[in-house]
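The values are calculated or read from the model by the stated rules, or taken from the named source; none is laboratory data. Treat the numbers as computed from the prediction; the structure is a model and nothing was measured. Note that each Cβ is placed from the backbone with ideal geometry, even for glycine, and that neighbours are counted across all protein chains shown.
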Amino acid sequence: MKIGILLTGHAPDALIDQTGDYDLMFADLLAQDGLNFQGYAVVDGIFPENGADDADGWVITGSRHGAYEDHDWIPPLEDLIRDIDAQKKPLIGVCFGHQIIAQALGGKVQKFGGGWAIGRVTYSQQGQDVTLNAWHQDQVVERPERARVLAGNGFCENGILAYDDHIWTVQPHPEYNADFIQGLIDHRGRGVVPDETLNRAAANLRGPVSNPEIATFMKDFLTKERT
């Protein structure tokens, strides 16, 4: 099964030699027999030649850009999202991916007045706690009509959304570990995110996260049979 990974941003230059770019991070997270991955740097205008037909399932990565910003690659990405949706192919969106899918399907994304979520954040999902690393100020503030809320918290109501049986999106980052968040704090956070927020996140980075459980869910979601 071929999974197309749509890169809407790139890992920081200071970290990429250790982690690889975002497509490699997701390929590592989702690695299992029978899954093959191909990245498309849509942020650089590189789109799948045959659109939604180029892969059996899709993942949209995070980005330092805002879904509402005026970039040439955002309208064709929204068109591709709607084509994937129309074909009912499995689609996962993470952080920016979560936001751009909501925007493409009729929702609204904006900078959240409450500030930033950085580092380990816990969300309530059907009475169970899910803890993942976050890095965002933008949020989905108005859900598309079809969207179902699966998880959230007082800071981010729309933490995990689902659309029918074939789209699942998550605001935090199951592909980020503590070292990567520390790298973002050091190389992207200072001067942008308040120091108090960064310092609090850095002090709390080494606790447990739900990355393995969410990765298993994502693999099952991409590969399950659909009628």
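Look through ILE16, ILE46 and report the one residue that is in a helix (DSSP H, G or I), free of Cβ contacts under 8 Å to residues at least 12 places away in the same chain and farther than 20 Å from HIS98 by Cβ.
Selected residue: ILE16, the only one of ILE16, ILE46 that is in a helix (DSSP H, G or I), free of Cβ contacts under 8 Å to residues at least 12 places away in the same chain and farther than 20 Å from HIS98 by Cβ.
Provide a single number: the residues in the range 100-120 that are buried (at least 23 other Cβ atoms within 10 Å of the Cβ), among the β-branched types (Val, Ile, Thr) and in a strand (DSSP E or B).
Number of matching residues: 1.
Can you pull out every residue in the range 121-150 that is surrounded by fewer than 21 Cβ atoms within 10 Å (Cβ to Cβ) and of a type in the set (Val, Ile, Thr)?
THR122, THR131, VAL141, VAL149
Could you please give the count of residues in the range 93-137 that are small (Gly, Ala, Ser) and in contact with a Ser or Thr (Cβ under 8 Å, 6 or more places away or on another chain)?
Count: 4.
Considering every residue within the range 24-42, establish whether at least one is among the aliphatic types (A, V, I, L, M), closer than 25 Å to LEU150 by Cα, touching a residue at least 60 places away in the same chain (Cβ under 8 Å) and in a strand (DSSP E or B).
The answer is no, given that none of the residues of the range 24-42 is among the aliphatic types (A, V, I, L, M), closer than 25 Å to LEU150 by Cα, touching a residue at least 60 places away in the same chain (Cβ under 8 Å) and in a strand (DSSP E or B).
Within the range 190-204, track down each residue that is modelled with pLDDT under 95 and not in a loop (DSSP other than H, G, I, E, B).
ARG190
Considering the range 77-119 alone, what residues qualify as being of a type in the set (Lys, Arg) and in contact (Cβ under 8 Å) with a residue 40 or more places away in the chain? If you could, list the steps in order and put the result at the bottom.
Filtering the range 77-119 for residues of a type in the set (Lys, Arg) gives 82, 88-89, 108, 111.
Within the range 77-119, LYS88, LYS89, LYS111 qualify.
Residues of the range 169-179 being closer than 21 Å to ILE92 by Cα and surrounded by fewer than 21 Cβ atoms within 10 Å (Cβ to Cβ), which ones?
Going residue by residue through the range 169-179, those that are closer than 21 Å to ILE92 by Cα are 169-177.
Once the filter is applied, which keeps residues that are closer than 21 Å to ILE92 by Cα and surrounded by fewer than 21 Cβ atoms within 10 Å (Cβ to Cβ), the range 169-179 yields only ASN177.
Of the residues in the range 55-70, how many are over 18 Å from the mean Cα position of the chain (by Cα) and either crowded, with 18+ Cβ neighbours inside 10 Å or touching a residue at least 24 places away in the same chain (Cβ under 8 Å) (or both)?
Going through the range 55-70 one residue at a time, the tally reaches 2.
Looking only at the range 121-176, which residues are part of a strand (DSSP E or B) and small (Gly, Ala, Ser)?
Step one: filter the range 121-176 for residues part of a strand (DSSP E or B), giving 121-125, 128-136, 138-142, 148-152, 160-163, 167-170, 173.
Of everything in the range 121-176, those that are part of a strand (DSSP E or B) and small (Gly, Ala, Ser) turn out to be SER124, ALA134, ALA151, GLY152, ALA162.
I need every pair where a residue in the range 142-159 that is within 18 Å of GLY114 (Cα to Cα) has its Cβ under 8 Å from the Cβ of a residue that is in a strand (DSSP E or B) and among the charged types (D, E, K, R), sequence separation at least 6 or different chains.
GLU142/LYS108
Going by the conditions given, is GLY51 modelled with pLDDT under 95 and either of a type outside the set (Val, Ile, Thr) or over 20 Å from LEU184 (Cα atoms) (or both)?
Taking the combined requirement at face value, the residue does not satisfy it.
Can you report the number of residues in the range 205-216 which are crowded, with 17+ Cβ neighbours inside 10 Å and part of a helix (DSSP H, G or I)?
Initially, the range 205-216 is screened for residues crowded, with 17+ Cβ neighbours inside 10 Å, giving 205, 209-211, 214-215.
Checking which are part of a helix (DSSP H, G or I) leaves us with 211, 214-215.
Total satisfying the criteria: 3.
Quick one: which residue in GLY45, GLY34 is at pLDDT below 95, of a type outside the set (D, E, K, R), surrounded by fewer than 14 Cβ atoms within 10 Å (Cβ to Cβ) and on the phi > 0 side of the Ramachandran plot?
Result: GLY34 is the single residue among GLY45, GLY34 that is at pLDDT below 95, of a type outside the set (D, E, K, R), surrounded by fewer than 14 Cβ atoms within 10 Å (Cβ to Cβ) and on the phi > 0 side of the Ramachandran plot.
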